[in-house]
Amino acid sequence: MSGAGTEDTSRTELVKVPLDGDVDIASADEIEARIRSAEAEGPSVILIDLRQVSFLDSSGLRLILGAAIRAETAGRRLVLVRGPERVQRVFELTNLQSRLEFVDHPSLLAHPSPER
């Protein structure tokens, strides 16, 4: 999953973290470990794929928001692949869809986002 960076060849370009099933309190520790493992690779982008997620609760939101804050602090992008409508609705209800970066499909992550 690692690609060569254009300037710093020691830095991984992209790490994908596919999630599935329920992203809730019961799965929080395992998902947190997977995200932290991805962060440890030092990528410029972490892509969390929500397409196979069937349920997302406040624990899942906390994990994703924590990863977004750490990404911002580290100068990396955190990008989410949109999940099913019921998952996306959670982001809309909490107004996090405007705070987080989403794409409809991983292939749409071709170009770096402009500075916000």
Next item on the list: Might you check whether a residue that is over 19 Å from V15 (Cβ atoms) and open to solvent by less than 20 Å² (accessible area, probe 1.4 Å) occurs anywhere in region 46-57?
Entry: yes
Item checked: Pairs with Cβ under 7 Å, 6+ apart, first in region 36-64 and among the hydroxyl-bearing types (S, T, Y), second modelled with pLDDT of 95 or more and assigned to a helix (DSSP H, G or I) -> S59/A28
Next item on the list: Please find, within region 92-105, the residue that is surrounded by the fewest Cβ atoms within 10 Å (Cβ to Cβ) out of those that are within 18 Å of A67 (Cα to Cα) and in contact (Cβ under 8 Å) with a residue 12 or more places away in the chain.
Entry: R99
Next item on the list: List every residue pair whose Cβ atoms lie under 7 Å apart, where the two residues are 6 or more positions apart in sequence or sit on different chains, the first residue falls within region 14-28 and is in contact (Cβ under 8 Å) with a residue 40 or more places away in the chain, and the second residue, located anywhere, is part of a strand (DSSP E or B).
Entry: L14/V45; L14/L47; K16/L47; K16/D49; V23/V53; V23/F55; V23/L56
Checklist line | strands (runs of 3 or more DSSP E) lying entirely in region 37-109 (those with 1 or more residues that are under 18 Å from D22 (Cα atoms)) | finding: 45-56, 77-81
Check: What number of residues in region 80-91 are within 14 Å of L61 (Cα to Cα) and open to solvent by less than 50 Å² (accessible area, probe 1.4 Å)?
Finding: 6
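The values are calculated or read from the model by the stated rules, or taken from the named source; none is laboratory data. Quick caveat, the model's predicted, so the values are computed rather than measured. As a convention, Cβ positions derive from the backbone with ideal geometry for all residues, glycine included, and neighbour counts pool all protein chains shown. To get the accessible areas, we keep the full protein, side chains included, count just its heavy atoms, and leave off ligands, DNA and RNA. Shrake-Rupley method; radii C 1.70, N 1.55, O 1.52, S 1.80 Å.
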